[in-house]
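Engineer: Below is the structure I would like to discuss, written out as structure tokens.
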């Protein structure tokens, strides 16, 4: 690395980049904390801690890790197990400590993956399976937010009129779509001054709800840190005290899910980061860093995370080129969640629902489906460089999507990866299924 990193201007620029991205990390951390079922505070503190640890220990110089949509979906399943089924299976078990035990086990598995040097095996997962997997995650995110907006058989809707919550959620989502278009019409010198659309939409809609006096439920920021001195007490309360065999066996399947998903989410994102930064991630070191980070958030009642695509790309696009940028993101997130506590408590649930609906859109991989449909509905020749989706690729995409949505994420990935290679090597050895090529479709929302 050149000596430019020692220059005060470079150091200052990376700190400023960290400050800018920290507001996005804080917003998404709160949204994913709500999605997970552990609350906005758990998501925010996790966004800070994960970014800090992975920036210091990770396998790449420039990145931002934190809670992500796929990890939060599985965390929601863990929370559901802890509070709904665990009391019947193991009476007397503490649900919160069961969740933390699960996260610690997942962290241990990630550390083991790194030590065993399993990182390079990410290349074995076919892109058609990744595409279907991301679609399934998007469906899970959409379904969870629709249940919260309209209520469900086992879940109450957000506090306040349904029409008001729905309007605010849709307006928030619409703003996130619209703001980049409006920013693109500004003079080039002013575009970099526009805040990220997610953050700007969150602030705008929160102010609108407060001005209009809409009676909507807002997020709960109690139970977190209000000062650095509370950190020791928080860790003491969260450390699991029950390590009995029945509890470990109940937690292990979820821990395997989280570890496998963090492996996929992190190393697939690293492919995008490497392409933009012109580097090569040390994959095994990155897994060890993610294990350390996920273990740390378990000790503060947080939620799991992985390397986050949009946040990492935002750091690179803003000119971050030192590990200091990721460290600054984590530090500023923790400071902001303490200093801005009263302001954060004013944000309506519906605003985060709108953010997550947009997250689901960004996660969903539309390109292969659109390309496949156009092949049979358009008389025009396929444009150069367009994605070509073969007949046998689409069932793999759809199958992975359905199994992810209706059953299990890791089962979907393992099952359809094996099916892909089975068809290629055994059933069609002379005419194998051609996998989709990796491309910018990996540049997805977190």
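Engineer: Which number in (1) within 30 Å of residue 390 (Cβ to Cβ); (2) at pLDDT 90 or above; (3) surrounded by 13 or more Cβ atoms within 10 Å (Cβ to Cβ) marks the one condition that residue 125 misses?
Structural biologist: Result: residue 125 fails condition (2) only.
Engineer: Follow-up. Determine whether region 257-266 contains at least one residue that is on the phi < 0 side of the Ramachandran plot and free of Cβ contacts under 8 Å to residues at least 24 places away in the same chain. Let's see the steps before the verdict.
Structural biologist: Kept after step one, since they are on the phi < 0 side of the Ramachandran plot, are these residues of region 257-266: 257-266.
Those still in the list that are free of Cβ contacts under 8 Å to residues at least 24 places away in the same chain too: none.
So far as region 257-266 goes, no, none of its residues is on the phi < 0 side of the Ramachandran plot and free of Cβ contacts under 8 Å to residues at least 24 places away in the same chain.
Engineer: Restrict the check to region 196-219 and report whether at least one residue is in a loop (DSSP other than H, G, I, E, B) and modelled with pLDDT under 90. Don't jump to the end; show me each part of the working.
Structural biologist: Going through region 196-219, the residues in a loop (DSSP other than H, G, I, E, B) turn out to be 196, 213-217, 219.
Of the ones still in play, those that are also modelled with pLDDT under 90 are 196, 219.
Yes, region 196-219 contains at least one residue that is in a loop (DSSP other than H, G, I, E, B) and modelled with pLDDT under 90.
Engineer: Moving on to the next point. In region 128-164, what residues are farther than 30 Å from residue 389 by Cβ and part of a helix (DSSP H, G or I)? Full working, then the answer.
Structural biologist: So the first thing to find is which residues in region 128-164 are farther than 30 Å from residue 389 by Cβ, and the list is 147-164.
Of everything in region 128-164, those that are farther than 30 Å from residue 389 by Cβ and part of a helix (DSSP H, G or I) turn out to be 147, 148, 149, 150, 162, 163, 164.
Engineer: Right, residue 17: over 19 Å from residue 293 (Cα atoms) and modelled with pLDDT of 95 or more or not?
Structural biologist: Numbers: over 19 Å from residue 293 (Cα atoms): yes; modelled with pLDDT of 95 or more: no.
Against the criterion (over 19 Å from residue 293 (Cα atoms) and modelled with pLDDT of 95 or more), residue 17 does not qualify.
Here's the yes/no breakdown for (1) within 29 Å of residue 320 (Cβ to Cβ); (2) in a loop (DSSP other than H, G, I, E, B); (3) touching a strand residue (DSSP E or B) at 6+ places or on another chain (Cβ under 9 Å):
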residue	(1), (2), (3)
46	yes, no, yes
73	yes, no, no
91	no, yes, no
109	no, no, no
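Engineer: Based on this model, can you work out whether residue 55 counts as within 12 Å of the chain's Cα centre (by Cα), in a helix (DSSP H, G or I) and modelled with pLDDT of 95 or more?
Structural biologist: Details: within 12 Å of the chain's Cα centre (by Cα): no; in a helix (DSSP H, G or I): yes; modelled with pLDDT of 95 or more: yes.
So residue 55 fails the test.
Engineer: Out of (1) farther than 30 Å from residue 318 by Cβ; (2) in contact with a helix residue (DSSP H, G or I) (Cβ under 9 Å, 6 or more places away or on another chain); (3) part of a loop (DSSP other than H, G, I, E, B), what's the single condition that is false for residue 100?
Structural biologist: Of everything listed in (1) farther than 30 Å from residue 318 by Cβ; (2) in contact with a helix residue (DSSP H, G or I) (Cβ under 9 Å, 6 or more places away or on another chain); (3) part of a loop (DSSP other than H, G, I, E, B), residue 100 misses just condition (3).
Engineer: Inspect all residues belonging to region 23-46 and state whether any of them is at pLDDT below 95, over 25 Å from residue 140 (Cβ atoms) and assigned by TED's automatic domain parsing to the domain that holds residue 295.
Structural biologist: The answer is yes; a qualifying residue exists.
Engineer: If residue 87 satisfies all but one of (1) assigned to a loop (DSSP other than H, G, I, E, B); (2) surrounded by fewer than 17 Cβ atoms within 10 Å (Cβ to Cβ), what's the number of the condition it fails?
Structural biologist: Here residue 87 clears every test but (1).
Engineer: In the set 375, 341, which member is out of contact with any helix residue (DSSP H, G or I) (no Cβ under 7 Å at 6 or more places or on another chain), surrounded by fewer than 19 Cβ atoms within 10 Å (Cβ to Cβ), at pLDDT below 90 and not assigned by TED's automatic domain parsing to the domain that holds residue 137? Full working, then the answer.
Structural biologist: Details: 341 fails: not assigned by TED's automatic domain parsing to the domain that holds residue 137.
The match here is 375.
Engineer: Next question. Scan region 144-166 for residues that are free of Cβ contacts under 8 Å to residues at least 40 places away in the same chain and surrounded by 15 or more Cβ atoms within 10 Å (Cβ to Cβ) and jot them down.
Structural biologist: Once the filter is applied, which keeps residues that are free of Cβ contacts under 8 Å to residues at least 40 places away in the same chain and surrounded by 15 or more Cβ atoms within 10 Å (Cβ to Cβ), region 144-166 yields 146, 147, 157.
Engineer: A follow-up question, please. Going through region 167-189 one residue at a time, which ones are over 23 Å from residue 209 (Cα atoms) and surrounded by 14 or more Cβ atoms within 10 Å (Cβ to Cβ)? Quick ask: steps written out before the conclusion?
Structural biologist: Here is the first cut: in region 167-189, the residues over 23 Å from residue 209 (Cα atoms) are 181, 183-189.
Within region 167-189, just 183 meets the criteria.
The values are calculated or read from the model by the stated rules, or taken from the named source; none is laboratory data. As the structure is a prediction and not an experimental result, all values here were calculated from the model. Quick reminder, even Gly has a Cβ in these numbers, built from the backbone with ideal geometry, and neighbours come from all protein chains shown.
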